[in-house]
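Notes for the one structure printed next.
The values are calculated or read from the model by the stated rules, or taken from the named source; none is laboratory data. Note that the structure is predicted; figures quoted are calculated from it, not measured. Neighbour counts run over all protein chains shown; Cβ positions are idealised from the backbone, glycine included.
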Amino acid sequence: MNIGIYIYDEAEVLDFSGPFEVFSTASRVSKTPNLFSVFLISETGKTVTARGGYEVNSAYSISTHPSIDVLIVVGGVHTGEMKKPLVLKWIAEASKQAKLVASVCTGAFLLAEAGALSDHKVTTHRKDRSEKISQTSEKVIRTWRSLKINGGLMREISSPQAAYRLALT
């Protein structure tokens, strides 16, 4: 199963490194060989500078990655990503093709701006709920206090700790 994690400049390190570690460790210790293939995707496939100046290399760009079974869109300072039509188009298309779509924290805003949430109810980090809800083109983001698992193919988690729960479910 291919797990594609979308990262970008100023992404929260724990938002992508946590799920990456959980899925890669599960694959390593599983009795099923190569259970998960986990990879990072960025817009260009070049080095991304995440929060705190942490530089990370993605394995693929949005135009060169293999098929994605599980798409994870991470949080961080996402406002620049929301202004990139090519990235938003890719998120929308990748969301339709993936078997499961998840976001960590403010990654929900990228899914919303890409039109990938439709009628799903989601949550995000409590500090970002009130001030950023009006920034999304879809008015679907609600202020829930807990993890919401939304029927079908969409999951959204509100904290990095919840990212571990997502990866383990």
Next item on the list: Filter the range 70-119 for residues that are surrounded by fewer than 16 Cβ atoms within 10 Å (Cβ to Cβ) and polar (S, T, N, Q) and give the result.
Entry: Thr79, Gln97, Ser118
Next item on the list: Evaluate the range 35-56: report whether one residue or more is outside any helix (DSSP H, G or I), in contact with a strand residue (DSSP E or B) (Cβ under 7 Å, 6 or more places away or on another chain) and among the charged types (D, E, K, R).
Entry: yes
Next item on the list: Return the residue satisfying two criteria in turn: it lies in the range 1-20 and is in a strand (DSSP E or B) and of a type in the set (A, V, I, L, M, F, W, C), and of such residues it is nearest to the chain's Cα centre (by Cα).
Entry: Ile5
Item checked: Selection status of Glu21, of a type in the set (Asp, Glu) and within 22 Å of Pro85 (Cβ to Cβ) -> no
Note to self: Quick check on this structure: which one of Ser61, Ser67 is surrounded by fewer than 13 Cβ atoms within 10 Å (Cβ to Cβ) and at pLDDT 95 or above?
What the structure shows: Ser67
Next item on the list: Kindly indicate whether any position in the range 30-43 is farther than 23 Å from Leu117 by Cα, among the aliphatic types (A, V, I, L, M) and modelled with pLDDT of 95 or more.
Entry: yes
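A quick yes/no check of all residues on (1) within 17 Å of Ser61 (Cα to Cα); (2) touching a residue at least 40 places away in the same chain (Cβ under 8 Å); (3) in a helix (DSSP H, G or I); (4) not aliphatic (A, V, I, L, M):
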site: Leu86; (1), (2), (3), (4): yes, yes, yes, no
site: Lys89; (1), (2), (3), (4): yes, no, yes, yes
site: Ala92; (1), (2), (3), (4): yes, no, yes, no
site: Lys96; (1), (2), (3), (4): no, no, yes, yes
site: Ala102; (1), (2), (3), (4): no, yes, no, no
site: Phe109; (1), (2), (3), (4): no, no, yes, yes
site: Ala112; (1), (2), (3), (4): no, no, yes, no
Next item on the list: Identify all residues within the range 57-84 that are part of a helix (DSSP H, G or I) and either over 11 Å from Tyr8 (Cβ atoms) or out of contact with any Asp or Glu (no Cβ under 7 Å at 6 or more places or on another chain) (or both); write none if there are none.
Entry: Glu81, Lys83
